[in-house]
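Every read-out reported here was derived from the displayed coordinates using simple, explicitly stated rules and does not represent laboratory data. All values derive from a computational prediction rather than experimental measurement. Neighbour counts run over all protein chains shown; Cβ positions are idealised from the backbone, glycine included.
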Amino acid sequence: MLIPHPLLGPRDAEEFTYMGDASLIARPSASDPGAEQAFSDYVYLRDNPAGVHRELWFHEAGDRSWIVVTRNTLTHEILDAQLARDVALASAAEAGE
Amino acid sequence: MSRLPGGLIDRGRTHSFTFDGKAYHGHPGDTLASALLANDVRLMGRSFKYHRPRGVFTSGSEEPNALVELGTGARREPNTRATVAEIYDGLVANSQNRFPSLSFDLMGVNDLFAPFFAAGFYYKTFMWPASFWEKVYEPIIRRAAGLGSLSMDADPDAYDKGFLHCDILVIGAGPAGLAAALTAARAGAQVILADEDFRLGGRLLSETHRLDDAPAQNWIESLEAEFDGLPKLRVMRRTTVFGAYDHGVYGAVERVADHLPDAGTGVRQTLWRITAKRTVLAAGAHERHIPFANNDRPGIMLAGAMRAYANRWAVSAADKIAVFTNNDDGHRTAIDLAAKGVEVAAVVDTRSWAKSRGDYPFYPGATVSNARGRTGLVSIDINYAGGTERLECGALGVSGGWNANVHLASHHRARPVWREDILSFVPSGHGGPPGLSAAGAATGRATTHAALNDGARVAAVALSDLGIDALLPDLPKAEDEPATSQPYWHVPGKGRAWVDFQNDVTVKDIELAHKENMRPVEHLKRWTTLGMATDQGKTANVTALAIMASLTGKPIAKTGTTIFRPPYTGVSISVLGGGDSGQNFRPRRLTPTHVWAAENGAEFVEAGQWLRAQYYRQPGETDARTSVDREAAAVRSGVGICDVTTLGKIDVQGADAGAFLDRLYCNAMASLPVGKVRYGLMLREDGFAYDDGTCARLGEDHYVVTTTTANAGLVYRNMEFSRQCLWPNLDLQLISTTDAWAQIAVAGPESRTLLSRVVDGVDLSNQAFGFMACRELTVCGGLRARLFRVSFSGELAYEIAVPSRYGNALMTQLMEVGADLGVTPYGTEALGVLRIEKGHAAGPEINGQTTAQMLGLGGMVSRKKDAIGSVMSRREGLVGDKRKLVGFVPVDRQKRIVAGSHLFSLGARHATETDEGWITSACHSPALDSFIALGFLENGSQRLGEVIVAANPLEGSQVSVRVASPHFVDPEGARQRA
Amino acid sequence: MKYSGFRVVAEALFGHKGWKPLWRDPDPKPAYDFVIVGGGGHGLATAYYLAKTFAEKRIAVLEKRWLGSGNIGRNTTIIRSNYLLPGNEPFYEFSMKLWEGLEQDLNFNAMVSQRGILNLIHSDAQRDAYRRRGNAMLLAGADAQLLDREAVRRMYPYLNFDNARFPIKGGLLQARAGTARHDGVAWGYARGADLRGVDIIQNCEVTGFQIEGGKVVGVETSRGPIKAKKCGVCVAGSSSRVMEKAGMRLPIESHVIQAFVSEGLKPTINGVITFGAGHFYISQSDKGGLVFGGDLDGYNTYAQRGNLPVVEDVARCGMALMPAIGRARLLRNWGGIMDMSMDGSPIIDRTPIEGLYFNGGWCYGGFKATPASGYAFAHLLSTDAPHPTAAAYRLDRFARGYLIDEKGAGAQPNLH
């Protein structure tokens, strides 16, 4: 596989380490009521779709960026790749508004 | 049989080779199969199940029968297809899967019992008595099965791996592939043309077709000359593209030296990972056969192969041949062989309407119904409306039509579609590897004219996708005769008619599978083993499923194929490994003091990729424990030094560094004063402990985190995840500096004295630089360094870090200036002893299954702040786990406790239900002169003093142990604060 | 029809005219007591034990494609009970005991072959960990032996003892472990279930669940609706997809693991060998193919195929461990989709929806579990109580913190 790194262009997937669903960016707040349930869902439950999946890859043997890759789990076609930090900042900004 | 005229062999040179010990001669350009045929050898192998005598059946990589062991000694390669093995001078080949010899094989007795060995028979018997399966039945089956044999010596050859990138990858150098490569290369694209054969030309090499009224070879040679002048075109002969992977990545194997008597110092084969923007699959087509009774006699082969042997290799399997066909193409074999002077005894055509196309005895509307000749064809029976006729001949060419070679186009589990008009599956054009398009015979456009033009057209479309303008080249005028064929799948009859030769699957087996309801193609395959031999059924599968379709009454299109999987043809495990075996299996990381350690008697041990000094053997020390005890004792009484560079080191800098670390460690770090170090424990988000280490604050905005050796990469990855994904608004940066700093532990009561001799003007007194202090400084007259007063041993101790390249020098210097103090280097074993004596948890305790509470560190999990894992650590299952880390001393102090023992109350039965914990770490303690251990025990911290049992039934031992505090040495911690 | 050596001989002498279909191809009935979704190993075994051991009637198995088309048909055939944790080991040992009597029970030769599995040891820490495991196995009534380097060398002299990056220091052997013919297991259970009246319905995809008032009453299928009193789902690899139709999210990701078989060779490797310094394991089938595999590709996928990096790494590991297999050729390489659970252990449990039961999360260890999984699931379906050896395989163990994490890798499925 080739991962289209947003800064470095297409890179061999072997350079990356895979983590899983990009929902892991949305860590629950420990202070909210029901935090234990929210963390339990966050840590353990996955949509695991057969189709388009947003997922986290770490450019471990590269520039050490975390990337959110949008990929089809049936065909492996990659539809998008963004720096995870940009995604996280955007969702933080959204949550702040 | 002497050679026929013509052919693409170099008659001016001769190669000698042996087969089953007998010497033969061939010419450059020969394959082992063609050379054996030229020496009148028709019998080349034995089948898998019935050990039937077999001859060569094809002229290419789809060969099911002519498999040999090639080479000798450690280079022996089993199951090599004689049809693709180029001969070289001195080649040694032997037949396989026979005993004692190819012509007389005792296992041939299986054939007599064939009725008992019908499809799936072994699922129905060999069940009584149960113990007989492993003891009696299975050993017999295993010995009889298998094909060739490995030498079981290490492969002595070298292999390599490389990466290639191109705009257009062309797979196959037949007419379509050549035209595609020409089109793309002339357009200026980066092109790779790969073919499994050692000559370019594909099927053109085996036909007498003329291009522009000249021999096809002329055109091929002119292309080769042009290709030589095109620097962006890479022609790869002897290269099989074996698999299509994601995003345009293809696996290929180049057989660099298999055709040479001696690879010399070079590599034998190279694995290529080719990344192509577009791919043209021009893999041609494979001929299929028509099963009839005893159609596996040596001398019976595909009609196209018979023609290839005559045209390309100038050999015929016999002086007198016949052809059995259901299509026009079969007639070409008769015409070509007759032109070479071979007697054509008959052309038997299943089509009653077919016309003769040459001067040979012709049997339209007829079939071949039987064949005779156990080790070589003697005669065939021809069946026609008027009766049956026996005809003597030494070889028979069979043509049942051609299957487009859709293998690679189907590698992404794409399903090819059946075209009734050409009686072939072809790529459907969707669902296959993106960017790959088939051209020529591989997609059913099989005349030479169609293949040439299709190759150029498909390449031009691919180029235009890439924004490259291409002109279609002027292609030579070529034959364009439409193939007419009749759907005719097997000759009905009483005898056994083979469909899959190698695995001995007959028409009857398919009928039995149908009767037993093994009808889906996957059940058919698995029940009968159809298509599971080394050829993956390239000459068998379509015929078999057509027969099944006729039995079920379903159309072939609905019956479908099994799944095409890589590799296209067999690939040696050696070359897939790319040569990284032996010591090169994984990178080896050496510590900065490695050279010094090696010179000073260190025994090394693997710690992940690192090699670390395990202990330093001194003269007279014969066992490891003596050395380890000496080293550990030296640390307790004097001073020892140990390279701890392998611990992960992560620099954390920025205004929010403290806030960040507060969220990573379960305990607080923001409150750590500058110039201080704190022990820290990290949890996973699921609440379990996963790593520990120290965190030092060198400046207001600057921390240094250390991790365990094993988790250095993982912790860094997780920290980057936290920084980039969880808290992107925090102001900080991270960098791993594990390799940048050589770090040496200096431990023992004399450590301060020793270090004072190397640091530049820094007061190391307890008042100035107390326990858990840290600072930057210089050593040895100006070398920048970092000093941490931390202790893993429980003694007064420090860790000093200098830039990596000075690690060896610092070690030497410490040894030199500390000679009078008796400074002793110690390795990982003594390190382990010292930490067990002190009760520090390490890898065996923090193994990912244990919690802070179990480790006795529950109090560190702050409830005042949110950190990774803190919420989940409060779940009932974790809180309710009452196992605690405690120490153990054997009641008899000289009795050894072994790690991995399980713990039981005295008198309890030893079983899973009564299991109360386990020993994690154990050693001999020189400080206590006793064996000691750490482990997790149910309610352990409340059971100090209780005698329990550490049981190790695996090695038949058990020992009574007293539960103790895990802090065996200096539990108050006075020494490390001294 | 009873299978036996006598029958094989008799049929051979009379032209194989008397063989009967291994199973029927019935049309679905409108209603069943039990509908098992998934005609793979676990589903077929569940149906078999429901009918045989628990004497239940009116059972259907619904299979989307052909029976045995899931992971039962594309695994590396290893059976073993060499687990560490008390939540696992008794279950797998129960499975091993069922394997040991399977062929006589099924009257079908699934070629259960107890050739032993050897886990190689490369470090002192690994030896300690294997000692803990071996002892756990013995304490649960299984068998285990700790071998030193020389004992390993006697078993497999051609392993790389002399030039290894990670020297072999010993091994943990379970002699009763081994292999079984994977398709044969599916067929044996299918035939056994069919003979006991179970309707095995192929080409019947479940497209939805009929849920009324929090209770399952039937399923929608590609062959029409079917009523069911109880519905058990055994669709490892597709668990998330199927359970999503009942509105459930699972602690599971789908990953591909690749498997490999070489061309047929004369017998050289007697048992199963695993190489923990890399990711590699190997055995040799009765047909002579070297059957081997390695690690997951590592990314979520449903594509049933993998990529080159893992292919190369597996070959590299094989060459590092046993350079004598280098001149064998890889014949075929495929991928299967694993239900990778969050702690690496399976789930056999009721769901919040009454009448809907779930069996999945087998990671890459489902094959060896087939008999016990079927038995335990049948037990649960029939009695509504978990089988004693499967009592830890609860869905709520994740939320409550009762993980069964053999590797200690935490909630990241591709690390298990």
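Couple of notes before you dig in:
- Rounded to whole numbers, the Karplus 3J(HN,Hα) couplings from phi for region B:932-943 are 9, 7, 10, x, 9, 10, 3, 6, x, 5, 9, 10 Hz, using 6.51 cos²θ - 1.76 cosθ + 1.60 with θ = phi - 60°, and x at Gly and Pro.
- Rounded to whole Å, sorted largest first: equivalent-ellipsoid semi-axes of chain C, Cα gyration tensor: 35, 26, 20
- Note on region A:2-95: percent of Cα-Cα distances in each 5 Å bin, starting at 0 and stopping at the bin with the largest distance, equals 3, 13, 22, 21, 19, 12, 6, 3, 1.
- Model label sites at B:Leu230 and B:Phe771, defined 7 Å from Cα along the beta-carbon direction, differ in position by 7.8 nm.
- Label point distance in nm, B:Glu479-B:Asp465, each placed 7 Å from Cα along Cα→Cβ: 3.2
- Whether chain B is rounded, prolate or oblate, judged on the alpha carbon gyration tensor where a/c under 1.5 counts as rounded: prolate
- Based on DSSP H segments of at least four residues, each scored -39500 (n - 2.57), the protein assembly as shown has a per-residue ellipticity at 222 nm of -6500 deg cm²/dmol.
- Taking the C-alpha atoms only, the angle from helix C:89-100 to the longest principal axis of chain C is near 80 degrees.
- Helix axis angle, C:308-321 relative to chain C longest principal axis, alpha carbon, degrees: 50
- Tensor-based shape of region B:292-355 (alpha-carbon gyration tensor, a/c under 1.5 rounded, otherwise prolate or oblate): oblate
- Note on region B:439-570: Rg/Rh from C-alpha atoms, Kirkwood Rh, equals 1.11.
- Restricting the calculation to Cα atoms, region B:363-448 yields a radius of gyration followed by a Dmax of 19.1, 54 Å.
- Loop sites in region B:204-257: GluC sites (Glu not before Pro), DSSP, at most 15 other Cβ within 10 Å: none
- What you get for region A:2-95, charging only the Cβ of Lys and Arg (+1) and of Asp and Glu (-1), is a dipole of about 60 debye around the Cα centre.
- Annotation note: chymotrypsin sites (Phe, Trp or Tyr not before Pro) in region B:889-944 located in DSSP loop regions with a Cβ neighbour count of at most 11 within 10 Å are absent.
- Whole-number Å³ per residue for the convex hull built on Cα positions in the protein assembly as shown: 185
- For region B:873-977: rounded, prolate or oblate by the Cα gyration tensor [a/c cutoff 1.5]: oblate
- Estimated distance in nm for a label pair at B:Lys320 and B:Ala819, the labels positioned 7 Å out from Cα along Cα-to-Cβ: 9.8
- Beta bridges by DSSP in the protein assembly as shown, antiparallel share as percent, to the nearest 5: 75
- Where Rh is the Kirkwood radius over Cα pairs, Rg/Rh for region B:604-694: 1.11
- Nearest 10 degrees, 0 to 90: helix B:329-339 Cα axis against chain B principal axis: 70
- Rh (Kirkwood; distinct C-alpha pairs) - region C:184-276, Å: 17.2
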